[in-house]
Every structure is written in C-alpha cells, then in structure tokens.
Amino acid sequence: MISFRHHVAAVTGMDDFDEEAVLARIHLAADDILLLSGSLVDGSGTPSSDFDFCVIARTRDERFHRDTFPRDRHMRYYTSGDRVKASFDYLPHSLLGVDVEYWTAEEVSAMLAAHDRLYAQMRGRARKSSGFAASAVDFRVLSRLTYAVPLTGAAAFAELAAAVRPGRIAYTAFRAAVGSYPDFRDLAGMWAQGDHESALVAARKLGVDTFRGLTHVHGNTNRNPKYLGRFLTRLPVPAELTDRFRTLNAYGIGAGADAGEAVLEWLDLIDLAFGEIRAAREKAEAFVGRAGFLDLLRGELHESMAWNAEISNEYCFRAREAEPDLPSLRELLAAMTAREAAPHHLPLRQWAEGRAAPAGENNKSA
C-alpha cells in the first residue's frame, strides 16, 4: 500500500486522519499520479477543509465508467454521461471530506493545449471575456495544477506540468474578471434613477471582480472569490486598501446606513485597485502591458463609433486598467448621470481616424 501520510503532514500540517480510509475512497492504481491541492495546499484552508485529490491515470479504466465505478462506497459521485469525473465522501467519525477528481494524462494535456489557444485569443482583446463555458478548459483544474503537490508519480507529474503556464492561467482569469463596461453602465443607470440600493449591489460585484483581478495580476490563478480576502492579504499592496475592501465586502454598511455613500466608497476602492493593477501588470510577463493594451483599445475603435458621449465614457472606463490620470469613477458616474462625456486625455479621434467599421462584426464580447 502506498503511504502518503508524511507528504500530507509536510504540506498541510495534518496527520490526524485515517490513511487507509482515505485511500479506500481514492481507488488508486499503481501507476497513477496522485495530486493533493485545494485550500489545504494553497494556504486558505481551515481545520475542516476537504482533502482535494486529483487522480491522473495513464488511460481510462473501470474507474471512469458509471457501471464499473464503485458507486456504493461514496456519498456522491459526479458524471458526464457515462464518464465518472469525481467522487466525494466523508471519513468515518470525522468532518473531513475526501474529494477526488479523475483525469487521464491525455485529457490534461489536451486541456493545457486548449488553454494555450484561449490565452492567445485573450491577448488579442481588451474587453472582459466571459464566453468560457463552451471551451475545453476546466479552469479550476488548471488552477490546481499550478500549485498541486504530487503524492505519487512525482516524475510523471513533472513531465506533465512542464506544459503548465501559471502566468497565462492568471491572465485568462484576469480577463474574465476585469473590463466590463456594461456592468458599470448598469450601475450608472440605477444611480441616475435614485435606486441606490440596487446600485450598491452592482458596485459590490464590480468591486469583487476588480479586486479578484488584482490578485490575478499578482499571479493568483484561483477564480473562486470565496477566499478573496485571504488572497489579498498576501499581496504587496497597502494593507489599508485590503482592509477597507475586506470590511466593506464582508460586513457591508449596516442597517440604516447611506447606500449612496457606500456606492461612492466602493468606486473609490475600485479606483485604488486599478492603480495597483497598473503598477503590477508591467511586471507580469504573461500580461498585456500598458502600451499593448492601449493598442488593443485603439484597434477596437473606428469612426462610426467614436463621436458620442457613450463611447467616450466607455473608453474612459475601460482604459483605466492600464492608463493613469483618467477621471475617477465618481467623476465618470456624475458625467453619465448628467448624460455627458467625462473629460479625459484619450485621443479617440486620432485613434479612429481612417478606420471603417469592421464588416459583419457586432463588436460584442464573446
């Protein structure tokens, strides 16, 4: 029997668990790669966190099929058609869960190749991109591959992990979080109507997305905001900023507080987060830098869409992730409420000169 207690203890500090009970729920084969990941490894775990295992087999076998998977030994198991993808159960007399995913080396390699193609696509756009659902990429698994610890098959995992590009995974996560002008426009519409409570909900979402993007530009590949506050405390950013975010995000404003003032507080925090993003992105090799990002913005602008307040305000919002000295989000909100363009230094007319609208394109995010 394979012993991995000392590996788990070295990574997590945990040694008070039934090793045989854990192994009985993994169904490990001799030539499998067994990875430990999740919150117990990334430092965000708690004493009751699950064991998050990933089994990477050489080829599919009876564990991957619904009819031959030992279903009766698990509280839950998850399938895609006849393909068993994961199982879950608790250890006896314990709150510790054992969560196991099943992949083959070929599937992982194909996923990494698919992500490389997606990364190349994301580097060519400046908008927030959310159309990931139809891709061949499981971002949770990709994130875990960047920090997982091999408990068995270390040499085979090292060969497989040579194709993992953490910086690229962080960038696609960033592009899925940051850059949504429609979200800000919705907020502005609620604000103009005097619906400050709905605007506050929208501001909180925009804030969480932006601060999540801040962790990504510093290399975090995890897109789950569950432990966002913990991730932020590890960053080389002012503690005051992360403390203000954590307090507002976790505790809100309290009963009877002014929702309008809270919206403005969120906008101030988001502006500060963008300042930190601008400072960090030039040091992140896999990220599009300031000059490259402005080139992408320029490439999306043409004469037929350049000469109205709406487009001017959109570019004023979107450029701030790379360009300093733009009007604050408070100022942009005030301009949009007045149905005016916020004054800024972006040379939109120069960018659009001589550019015709792309035939057959609708300029929407994928």
Please specify each residue of the stretch 345-366 satisfying the condition of being open to solvent by 50 Å² or more (accessible area, probe 1.4 Å) and modelled with pLDDT of 95 or more. H345
Within the stretch 106-126, of all residues that are within 29 Å of R58 (Cβ to Cβ) and in contact with a Phe, Trp or Tyr (Cβ under 9 Å, 6 or more places away or on another chain), the one surrounded by the most Cβ atoms within 10 Å (Cβ to Cβ) is H115
Which condition does G292 not pass, out of (1) surrounded by fewer than 16 Cβ atoms within 10 Å (Cβ to Cβ); (2) within 26 Å of the chain's Cα centre (by Cα); (3) farther than 20 Å from I169 by Cα, if it passes all the others? (3)
If you go through R298, R230, the only one that is in contact (Cβ under 8 Å) with a residue 24 or more places away in the chain, within 23 Å of the chain's Cα centre (by Cα) and open to solvent by 20 Å² or more (accessible area, probe 1.4 Å) is R230
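Listed residues A176, A192; which is among the aliphatic types (A, V, I, L, M) and at pLDDT 95 or above?
Numbers: A176 fails: at pLDDT 95 or above.
When all the criteria are applied, what remains is A192.
On the given criteria, is F132 at pLDDT 95 or above and either part of a loop (DSSP other than H, G, I, E, B) or closer than 24 Å to L297 by Cβ (or both)? Walk me through how you get there before you give the answer.
Numbers: at pLDDT 95 or above: no; either part of a loop (DSSP other than H, G, I, E, B) or closer than 24 Å to L297 by Cβ (or both): yes.
So F132 does not fit the description; no.
How about the stretch 315-330: which of its residues are farther than 16 Å from R355 by Cβ and in a helix (DSSP H, G or I)? Before the answer, list the steps.
Step one: of the stretch 315-330, the residues farther than 16 Å from R355 by Cβ are 316-330.
Passing the criteria: C316, F317, R318, A319, R320, E321, L329, R330.
So that you can scan it fast, the table gives a plain yes or no per residue for (1) closer than 29 Å to F293 by Cα; (2) assigned to a helix (DSSP H, G or I):
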position: S109; (1), (2): no, yes
position: V164; (1), (2): yes, no
position: R168; (1), (2): yes, yes
position: E197; (1), (2): no, yes
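Can you tell which of R140, R127 is part of a loop (DSSP other than H, G, I, E, B), touching a residue at least 12 places away in the same chain (Cβ under 8 Å) and under 20 Å from the mean Cα position of the chain (by Cα)? Don't jump to the end; show me each part of the working.
On the way: R140 fails: part of a loop (DSSP other than H, G, I, E, B).
Checking each option against the conditions leaves just R127.
From the list T221, T242, T247, T215, pick out the single residue that is under 24 Å from A284 (Cβ atoms), more than 14 Å from the chain's Cα centre (by Cα) and among the β-branched types (V, I, T).
Values: T221 fails: more than 14 Å from the chain's Cα centre (by Cα); T247 fails: under 24 Å from A284 (Cβ atoms); T215 fails: more than 14 Å from the chain's Cα centre (by Cα).
Unique residue meeting the criteria: T242.
Would you mention how many residues in the stretch 319-340 are in contact (Cβ under 8 Å) with a residue 12 or more places away in the chain, farther than 20 Å from V217 by Cβ and open to solvent by 50 Å² or more (accessible area, probe 1.4 Å)?
4
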In the stretch 168-190, the residues that are over 12 Å from the mean Cα position of the chain (by Cα) and either open to solvent by less than 50 Å² (accessible area, probe 1.4 Å) or within 17 Å of R318 (Cβ to Cβ) (or both): G179, S180, Y181, P182, D183, F184, R185, D186, L187, A188, G189
Return the residues of the stretch 225-257 that are in contact with a Leu (Cβ under 9 Å, 6 or more places away or on another chain) and polar (S, T, N, Q); say none if nothing qualifies. T242, N249
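The values are calculated or read from the model by the stated rules, or taken from the named source; none is laboratory data. Please read these numbers as outputs of a predicted model, since none were measured by experiment. Positions of Cβ are generated from backbone atoms using ideal geometry, with glycine treated the same way; all protein chains shown enter the neighbour counts. Just so you know, the surface numbers come from the protein's heavy atoms only, side chains and all, with ligands and any DNA or RNA stripped out. Shrake-Rupley method; radii C 1.70, N 1.55, O 1.52, S 1.80 Å.
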